[in-house]
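Presented below is the structure to which this report refers.
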Amino acid sequence: MSPTGAAAFGISGGIGDDGRMQLHAYESATQWTWGAAIAISSALARDLEQNARARLLLSGGKTPGPVYAALSKSPIAWDRVDVALVDERWLLPDDPDSNARLLRESLIQNKAQKARLETITRAGRPFDEAIATANLHARQPAGVVVLGMGDDGHTASLFPGMVDLEGALSASSPYVGVDAGGSPGAGNWQRRISLTPAGLAPAHTRILLIRGEKKRALLDRLLQSDDATEFPARIAFTTPGAKLHVHWCP
Ligand SMILES: O=C(O)[C@H](O)[C@@H](O)[C@H](O)[C@H](O)COP(=O)(O)O
C-alpha cells in the first residue's frame, strides 16, 4: 500500500498537499504506526524491484520505535537492505542512549534481522574517522530517509542555535560532525554526527514521523518560512528533491 493508502486507516486531512509536503494524519497511534511502516516498506520494496540493494536511513528519538518495530515484520528482502543512521550521538553503538541501539532493539528483529545495520561510531574509532566513514558509506546514496523533529524544530542533529549551524546546512558532504553545545534540545549529547541537506537531497522517499498537537502546531509554523537557521527541520521540505511525506497522529 502506498502512503496515500493511509486513507484506509482513517487519514483525517489537514495541511494536505502543498507540492513540497503531504500530510498523512491518522486518528490513532496504532493507525499511525502501521501506516508509516507500510509507507516505508512499500518504498523499500519498490527500490528492491529495481536495484540489487536498498539503502534506508533512520532517525533516533522517542517517537519512531513503534514504527520500526512494525516495519521489522514486513515481508521484504531484508537481506538486500542496508540500514544506516540519519544521525548519531557521540556514544558507542551499544550505549542505551545511542541511536544504533534503538535500531537494533526495534528494527533489527523479526524478518528485518537479515538487514545489514551500519553504525557510525565504533569502539576505538576517533570522531573524525567516524564522520569520514559515514561519508564513505553515503557514496551509495539512501533511497529512503526517515526524519524526526524535536520540539525545538531540530531534525537529525541540526539544532537551532548550535555552533556552525550555517556551515552544517551548507556543507557539500552528506554527513558532518557537530557541536550542539548550548542547544537545550541536544540534551546530554553535544557531540554528534549528522546528515546534512546534501545527504538528504538524493533520496527518492522522504518521510517525517511526528506525533502530538505540539508538533503539529510546530509544523504549521515551520511551513510559514524557508529559514532553516531558525528551524533546521525546514530542510525536510526546503531541500530540493523528493516531496516530504509527514506521518502524524495525536
Ligand atoms: O538523535 C536524535 O536525537 C534524533 O535522531 C533526532 O533528530 C530526533 O529525530 C528528534 O530529536 C526527535 O526526537 P523525539 O522523537 O524524541 O522528539
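The values are calculated or read from the model by the stated rules, or taken from the named source; none is laboratory data. Computed from a predicted model, the values in this text were never measured in an experiment. Heads up, the Cβs are rebuilt from the backbone with ideal geometry, glycines too, and the neighbour counts pull from every protein chain shown.
So here's what we get for this one:
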{"quantity": "Among residues of the stretch 38-64, those that are under 16 Å from L103 (Cβ atoms) and more than 16 Å from the ligand (Cβ to nearest atom), counted", "calculated": "4"}
{"quantity": "Residue within the stretch 114-128 that is in contact with a Gly (Cβ under 9 Å, 6 or more places away or on another chain), of a type outside the set (K, R) and modelled with pLDDT of 95 or more present", "calculated": "yes"}
{"quantity": "Within the stretch 121-142, tally of residues that are in contact with a Pro (Cβ under 8 Å, 6 or more places away or on another chain) and not in a helix (DSSP H, G or I)", "calculated": "5"}
{"quantity": "Candidate set: the stretch 200-250, residues that are basic (K, R) and not in a strand (DSSP E or B); chosen: the one nearest to the ligand (Cβ to nearest atom)", "calculated": "K215"}
{"quantity": "Every residue from the stretch 122-167 that is surrounded by 24 or more Cβ atoms within 10 Å (Cβ to Cβ) and hydroxyl-bearing (S, T, Y)", "calculated": "T155, S157"}
{"quantity": "Any hit, the stretch 93-104, residues being hydrophobic (A, V, I, L, M, F, W, C), away from the ligand (no atom under 13 Å from the Cβ), within 28 Å of A198 (Cβ to Cβ) and touching a helix residue (DSSP H, G or I) at 6+ places or on another chain (Cβ under 9 Å)", "calculated": "no"}
{"quantity": "Scan of the stretch 71-87 for residues that are touching a residue at least 40 places away in the same chain (Cβ under 8 Å), small (G, A, S) and away from the ligand (no atom under 16 Å from the Cβ), ordered by number", "calculated": "S72"}
{"quantity": "Matching residues, the stretch 105-145, being within 14 Å of the ligand (Cβ to nearest atom) and over 14 Å from D82 (Cβ atoms)", "calculated": "S106, T121"}
{"quantity": "Pairs, first closer than 15 Å to M21 by Cα in the stretch 209-234, second near the ligand (Cβ under 10 Å from one of its atoms) and assigned to a strand (DSSP E or B), C-beta under 6 Å, six or more apart", "calculated": "A233/T155"}
{"quantity": "Residues located in the stretch 158-197, provided they are closer than 16 Å to W90 by Cβ, part of a loop (DSSP other than H, G, I, E, B) and hydrophobic (A, V, I, L, M, F, W, C)", "calculated": "F159, M162, V163, A180, W189"}
